[in-house]
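Written out below as structure tokens is the structure these notes cover.
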Amino acid sequence: MNNPTQVTRSRFEIVQDGQTSYLEFETDGHGWMTLWHTEVAESQRGQGIALELVTTAFQYAKDHGLRVDVLCPVAQHILATHPEFQPLVRSKDPR
């Protein structure tokens, strides 16, 4: 096989007051980025950190020409309230 599929799992992180909040994602080498999980430290919740992480993920996808598959419930919620991210998201229509 000349070009094996490369899957890379990584995360975006924000460290604040010694607490690490993060968004886990994966890219597949075929132009897709999957948002798996967002975790914000309990003491940091309600400060917009999840929004910053998800916004960073979508900007990364846009900058790298990636389409996004959103499995993370936090990212799905933010997507519902930020339609500007919608053009990057996997269509629910299989056609």
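The values are calculated or read from the model by the stated rules, or taken from the named source; none is laboratory data. Because the structure is a prediction, the values reported are computed rather than measured. Cβ placement follows ideal geometry from the backbone for every residue including glycine, while neighbour counts extend to all protein chains displayed.
For the range 28-57, filtered to residues that are among the small types (Gly, Ala, Ser) and in a helix (DSSP H, G or I), the residue that is nearest to ASP17 (Cα to Cα) is SER43.
Note on the range 31-57: residues that are of a type in the set (D, E, K, R) and under 12 Å from the mean Cα position of the chain (by Cα) total 2.
For VAL54, state whether it is of a type outside the set (Gly, Ala, Ser), under 17 Å from ILE14 (Cα atoms) and modelled with pLDDT of 95 or more. Criteria met by VAL54. For the range 58-73, taking the residues that are under 10 Å from the mean Cα position of the chain (by Cα) and not in a loop (DSSP other than H, G, I, E, B), the one that is nearest to GLU39 (Cα to Cα) is identified as VAL70. The residue that is farthest from THR55 (Cα to Cα), counting only those in the range 12-28 that are out of contact with any strand residue (DSSP E or B) (no Cβ under 8 Å at 6 or more places or on another chain) and surrounded by 13 or more Cβ atoms within 10 Å (Cβ to Cβ), is GLN19.
Table: residues versus (1) among the polar types (S, T, N, Q); (2) crowded, with 17+ Cβ neighbours inside 10 Å; (3) at pLDDT 95 or above.
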site: ARG67; (1), (2), (3): no, no, yes
site: CYS72; (1), (2), (3): no, yes, yes
site: GLN76; (1), (2), (3): yes, no, yes
site: LEU79; (1), (2), (3): no, yes, no
site: GLU84; (1), (2), (3): no, no, no
site: PRO87; (1), (2), (3): no, no, no
site: ARG90; (1), (2), (3): no, no, no
